[in-house]
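Worksheet: the structure to be examined is printed underneath.
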Amino acid sequence: MSTITRDSLSRVGLRLLAAHGLADVSMRRVAKEFDVAVSALYWHVRDKQSLLGAMVDQLLEDLDVAPPTGNRRADLVARAELLYDKLVTTRDAAELTASVLALGTGGSRMREIIAEVSGDTVTTDALMALLIGHATLNQQRMQAQALGLEVDTTTITTFRQALDLLL
């Protein structure tokens, strides 16, 4: 049995997210991974939403963010694309991130990554909304296609197109 820490809980949660999707990440399932009662988890996280917040924090903590170059636009594009790629390539990460940001249980690293080079709150908030919204739509399209559903891609604006328009 592994030692239970907030970090180990978040890593198990991310592994379950990848394997089963957000709907199937539960306190019970995480506890089962540690072979403990659910109540043992509450020493490390307040509730499921806190666990989800820890998962987003862990997901974003592992990002290799380059230091600012001084070129605001280039730095914003590089960081936004890095975050977008992480959200889109990690199963249900966009929905997960939207949830924890809305409830304030995690995701502050995303704001920090953008804010360090954005220069203002409005740009940071707009970029976060674009990142989460576009990634969520893209993940839903990919999931629909994986199920064999036909998705009209002729009207889909790429993330980079939307980012360029915003900036």
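Quick notes on this one:
- Length-normalised contact order of the range 6-58 in % [C-alpha pairs under 8 Å, at least 6 apart]: 50 percent
- Estimated FRET transfer efficiency when R0 is 41 angstrom, pair Glu150-Asp47 (beta carbons, to 0.05): 0.55
- Put in order of Cβ neighbour count within 10 Å, fewest first, the listed residues Met110, Met27, Met55 become Met27, Met110, Met55.
- Estimated FRET transfer efficiency (Thr3, Arg72; beta-carbon r; R0 35 Å; 0.05): 0.25
- Here is the tail figure for the range 6-58: Cα pairs spaced more than 12 Å apart come to 57 percent of all pairs.
- In degrees, nearest ten, helix 121-146 long axis to first principal axis of the chain (Cα): 70 degrees
- Over the chain, DSSP H runs of length four or greater, each weighted -39,500 (n - 2.57), average out per residue to a 222 nm ellipticity of -21500 deg cm²/dmol.
- Per-q log10 I(q)/I(0), the chain, q = 0.14, 0.16, 0.19, 0.20 Å⁻¹ (Debye; single scatterer per alpha-carbon; no solvent): -0.76, -0.94, -1.17, -1.25
- Extension gain, Val38 to Thr89: 0.36 nm times the residue separation minus the Cα-Cα distance gives 15.4 nm.
No lab work stands behind these numbers, since they all come straight from the coordinates. Quantities reported herein were computed from a predicted structural model and do not represent experimental measurements. Cβ sites come from the backbone with ideal geometry, for glycine too, and all protein chains shown count toward neighbours.
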